[in-house]
1. How many residues does the stretch 110-140 hold that are of a type outside the set (S, T, N, Q), modelled with pLDDT of 90 or more and either under 13 Å from Val191 (Cα atoms) or buried (at least 17 other Cβ atoms within 10 Å of the Cβ) (or both)?
2. What's the number of the condition Val90 fails, among (1) open to solvent by less than 80 Å² (accessible area, probe 1.4 Å); (2) among the hydrophobic types (A, V, I, L, M, F, W, C); (3) modelled with pLDDT of 85 or more?
3. Going through the stretch 179-205 one residue at a time, which ones are assigned to a strand (DSSP E or B), within 20 Å of Leu110 (Cβ to Cβ) and either among the aliphatic types (A, V, I, L, M) or at pLDDT 95 or above (or both)?
4. Working only within the stretch 98-109, note down all residues that are touching a strand residue (DSSP E or B) at 6+ places or on another chain (Cβ under 6 Å), open to solvent by 20 Å² or more (accessible area, probe 1.4 Å) and not acidic (Asp, Glu).
5. Scan the stretch 10-23 for residues that are open to solvent by less than 40 Å² (accessible area, probe 1.4 Å) and at pLDDT 85 or above and jot them down.
6. Just the residues that are touching a helix residue (DSSP H, G or I) at 6+ places or on another chain (Cβ under 9 Å) and open to solvent by less than 20 Å² (accessible area, probe 1.4 Å), please, taken from the stretch 155-179.
7. Only residues that are in a loop (DSSP other than H, G, I, E, B) and either at pLDDT below 95 or among the small types (Gly, Ala, Ser) (or both): list them for the stretch 141-174, please.
Amino acid sequence: MSIPQGDATGPEPVDRAVGQRLRGLRRARGLSLEAIASSTGLSIGFISQVERGLSSPSLRVLALLADTLQIGIGGLFEPSPHEPDPDPIVVFRKDRPELQLWRAGITKQLLTPPGGTHGMSLFHMVLRPGASTGDEPFSHEGEEAGLVLEGRLTLVVEARTLRLAEGDSFRFESRRPHRFSNPDPHGQTIVLWVNVLGPTPAGSP
């Protein structure tokens, strides 16, 4: 898999934070860079650059890495610096963990507390004017759904191009190749986005 190399002008703070989180998760699972590269098809050099904050990973790359680490995208967010709640139920607005995909123009805030038995993560996603996950579709384990709260969203799932406006919603299996963008060059798009880790149980609606 060919992945463009990021700019080498020095690590951005947001890229460095994401890289440190990825490195910590990889080491906690006892996985080498070689093992991650073999599983994802990414080069060892590129993964190393991401971990050092020298390359800004796309959402597609993050999805690949999350699958390999057997976590959802929500698992890539830094844990809250506060004392952990033994029974997490609420995420207060001021404490929302945030992931900035600044090259893509996408910001994701995690709305669900850690834990849970089904790997469900709820996100508040903001796409700046013209923001996009890129021309190449990506796929990963699980299922996702969402509701457009503001603006417009172009969602491509396999061969289908779907154009959504405020109030429109969607659901699809994450293993189907997909990509999305904000087609508006002037206004932002806000989406309430849900990811559920793992295959949908047989017989579920």
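1. 11
2. (1)
3. Phe180, Thr189, Ile190, Val191, Leu192, Trp193, Val194, Val196
4. Once the filter is applied, which keeps residues that are touching a strand residue (DSSP E or B) at 6+ places or on another chain (Cβ under 6 Å), open to solvent by 20 Å² or more (accessible area, probe 1.4 Å) and not acidic (Asp, Glu), the stretch 98-109 yields Gln100, Thr107, Gln109.
5. Gly19, Leu22
6. Ser174
7. Glu141, Gly142, Gly151, Ala159, Gly167, Ser174
The values are calculated or read from the model by the stated rules, or taken from the named source; none is laboratory data. Being a predicted model, the structure only gives us computed values, none of them experimental. Neighbour counts are summed over all protein chains in view; Cβ atoms, including those assigned to glycine, are modelled from backbone coordinates with ideal geometry. What goes into the accessible areas is simple: the full protein's heavy atoms, side chains included, and nothing from ligands, DNA or RNA. Shrake-Rupley method; radii C 1.70, N 1.55, O 1.52, S 1.80 Å.
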